[in-house]
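Novice: Sharing a structure, written as structure tokens. Questions coming.
Nothing in this text is a laboratory measurement; each read-out follows from the coordinates by a stated rule. This one's a predicted model, so the numbers in the text were calculated from it and none came from an experiment. Note that each Cβ is placed from the backbone with ideal geometry, even for glycine, and that neighbours are counted across all protein chains shown.
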Amino acid sequence: MSLIPYTRVKIARGNERPTGIDYIKHIFKGFIEFHGDRRYSDDHAVVGGIARLAGNPVTVIAIEKGRTAKERTYRNFGAAHPEGYRKALRLMKQAEKFGRPVICFVDTSGAYCGIGAEERGQGQAIAENLMEMSTLCVPVISILIGEGGSGGALALAASDRVWMLQNAVYSVISPEGCASILWKDAAKAETAAARLKLTAEDAKNLGVIERILSENDIGKKEFYDRIGTLLTEELNELSNDLDLVGKRYERFRRIGADVVDKEQL
Amino acid sequence: MAFINFLKPKNQLEEGGRTAALIQRDEGEPEKKCPNCHKDIPLSRLWANRLVCPCGYHFRMKARQRIQMLADKGSFQELYAEMKAGNPLNFPGYKEKVENVRAATGEKEGVVCGTMKIGKQECCLFAMEPYFMMGSMGSVVGEKITLLFEYAAQNRMPVIGFAVSGGARMQEGLLSLMQMAKTSAAVKRHSDAGLLYIAVLTDPTTGGVTASFAMEADIILAEPAATVGFAGARVIEQTTRKSLPKGFQKSEFVLEHGFIDAIVARTNQRKFLAELLKMHNGG
């Protein structure tokens, strides 16, 4: 089955899809939520805390879009402010201190575009996450479950492993944004979506992600169990890696390094 | 508020520039209109004052002009000059666009890297090129900056970086996005080695560059009235349907909110940077 990329975008944005909290609830046991960035406030678009995976403590962080209109407003439609990224980083540092792996669920159209977000350093918050995650001494796995919108998604995905659901999308810019910049016409989003190479298959071909997760049984018990098992296995492997940070560096280091010489214009 | 500050000369160079601008000029000399004070300024005068209008407005400056302005004579040695972008996503029209920009600018890509001396102080330098697709970051920009930080870490050298960028280059899609993580990791390694990185944010520094290496320096400077932000002002206005505060995303505004260390006029940068390098180099 091959869907055009823009159909994937619509599915990824779909209202009926499981959201971050669903994954936390069904994959882990005994989730305890921790709030706040210890700087300014608690961002409801980012949910984080500790839980057990196969009996072991892990730190879990999710961008939550909410499903009902009321939830969506409360979660700011999954568009995090700087405080959301700073909360995530605080929890990652806490995980590092106590030797817990980190698992992130990413689902955002992008970091919030607003006056307060700019005043409180949206760019700086994302930059700091990218910098600090690059040397975090515990394994980090990120799963893109819906929309992976640019820097706002990457700020929770500078990880050892990045996986995507089959119909999730990951892009440097929204297809609408790309279309309005290139052709001054947001209606050409369908064309832009195809050109941006934003599907899970594209991301895998580009070496940006390691694994695509099937959505055949999305939302069912088997679906969450399967992801839980994959996470457990992968974390076992990563936890035994003595060169975790070095390999994480190489993971990003090689991206774009090869296209430079190979395809001269 | 920001523009009123311009009226007061902040240093002798600016003062000199202002007095000098009053001198009678030759008939028919080419001039440029200043978007701030709306006066026509003779080009020769602008050049002599490092593309800063007597009113304080900083005109856009090419990467190589900056290097020429900063480097001790003959000290700049370019690195990775041959590196060119491909069209990794086969994005229609990208190849032609890049070829046109290359022909127009004489640059192969959106950043110039190398080593140089400022006031006898050795350092690595990158200067992004505003006329090359507005300094957008694709694979080559990310790769060159990463290589420079790796080189600087290996040779235990400080890095000075001039940022100007519209953000990640969308024609290279996810590969552009990943350059944010890649450059950030390289900055972190350089930083963990105890080495100095000074960023100078120039107009405009936005998007994925703000959200990566531009905001990761030990010392972050900016030129006066430069736009510094993450999201575009128009996008914010459309999203929030609120009118933006005065001076929003200008460097003075960003300074006020605590995200940059100092605003340094271009006419003062060479001295300022040399002194910073010296102070981190055992005095």
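Novice: How much FRET efficiency would the formula 1/(1 + (r/R0)^6) give for residue B:48 and residue A:181, where r is the Cβ-Cβ distance and R0 is 45 Å, rounded to 0.05?
Specialist: On the way: r = 37 Å, r/R0 = 0.83.
My answer for the efficiency is 0.75.
Novice: A further question follows. Could you give me D for segment B:27-98, from Stokes-Einstein at 4 °C and 1.567 mPa s, where the hydrodynamic radius is the Kirkwood radius over C-alpha pairs? Units µm² s⁻¹, please.
Specialist: After rounding, the answer is 83 µm²/s.
Novice: Further question on the same structure: Amide H of residue B:197: which non-local residues (sequence gap of 5 or more, or other chain) have their own amide H closer than 5 Å, using H built in the peptide plane?
Specialist: B:159, B:218, B:219
Novice: Using amide H atoms built in the peptide plane, which far-off residues or other-chain residues are under 5 Å from residue B:228 H to H?
Specialist: Placed amide hydrogens put B:205, B:250, B:251 under 5 Å from residue B:228.
Novice: Sort A:35, B:190 so that the residue with the fewest other Cβ atoms within 10 Å of its own Cβ comes first and the one with the most comes last.
Specialist: A:35, B:190
Novice: Could you pull out every Cys in chain B that lacks a partner Cys with its beta carbon under 4.7 Å away?
Specialist: B:113, B:123, B:124, each lacking another Cys Cβ under 4.7 Å.
Novice: While we're on this one: Give a quick list of trypsin sites (Lys or Arg not before Pro) in segment B:90-142 that DSSP marks as loop, anything other than H, G, I, E or B, with at most 16 other Cβ atoms within 10 Å.
Specialist: Working: sites: B:95, B:97, B:102, B:108, B:117, B:120; in loops: B:108, B:120.
Answer by residue number: B:120.
Novice: Report, as a whole number in µm² per second, the diffusion coefficient that Stokes-Einstein gives for segment A:35-130 at 4 °C and 1.567 mPa s using the Kirkwood radius over alpha carbon pairs.
Specialist: D = 95 µm²/s.
Novice: Next up: For residue A:144, enumerate residues with amide H under 5 Å from its amide H, sequence gap 5+ or separate chain, H modeled in the peptide plane.
Specialist: So residue A:144 has HN proximity to A:106, A:163, A:164, A:165.
Novice: May I pose another question? Determine the principal axes of the Cα atoms in segment B:196-283, then give the extent along each, sorted from largest to smallest and rounded to whole angstroms.
Specialist: Cα spread of segment B:196-283 along its principal axes, largest to smallest: 51, 24, 18 Å.
Novice: While we're on this one: I need the phi-derived Karplus couplings for segment B:81-86: 6.51 cos²θ - 1.76 cosθ + 1.60, θ = phi - 60°, integer Hz, Gly and Pro marked x.
Specialist: Residue by residue, segment B:81-86 yields 5, 7, 5, 10, 7, x Hz.
Novice: Starting from the Kirkwood radius over alpha-carbon pairs of chain A, derive D by Stokes-Einstein at 10 °C in a medium of 1.306 mPa s and give it in µm² s⁻¹.
Specialist: Result for D is 85 µm²/s.
Novice: Grab the Cα-Cα distance for residue B:279 and residue B:156, subtract it from 0.36 nm times how many residues apart they are, and report the gain in nm with one decimal.
Specialist: Length gained, residue B:279 through residue B:156: 42.7 nm.
Novice: Would you work out which of A:224, A:189, A:206 lies farthest towards the positive end of the dipole of segment A:189-235, given +1 charges on the beta-carbon of Lys and Arg and -1 on that of Asp and Glu, about the Cα centre?
Specialist: Farthest towards the positive pole: A:189.
Novice: Which value, in debye to the nearest 20, gives the size of the charge dipole of chain B about its Cα centre, when Lys and Arg are +1 and Asp and Glu are -1 at the Cβ?
Specialist: Value, rounded to 20: 260 debye.
Novice: If you find the alpha carbon centre of segment B:58-121 and of segment B:170-228, how far apart are they in angstrom?
Specialist: 16
Novice: Taking the Cα atoms of the protein assembly as shown, what is the range of coordinates along each of the three principal axes, in descending order and whole Å?
Specialist: 82, 53, 47
Novice: Each residue of segment B:144-156 in turn: what ³J(HN,Hα) in whole Hz from Karplus with 6.51, -1.76, 1.60 and θ = phi - 60°, glycine and Pro shown as x?
Specialist: 5, 5, 4, 4, 5, 5, 5, 4, 5, 5, 5, 9, 6
Novice: If you build a Gaussian network model of chain B, linking Cα atoms that sit under 10 Å apart, which residue out of B:156, B:45, B:241 swings the most?
Specialist: B:241
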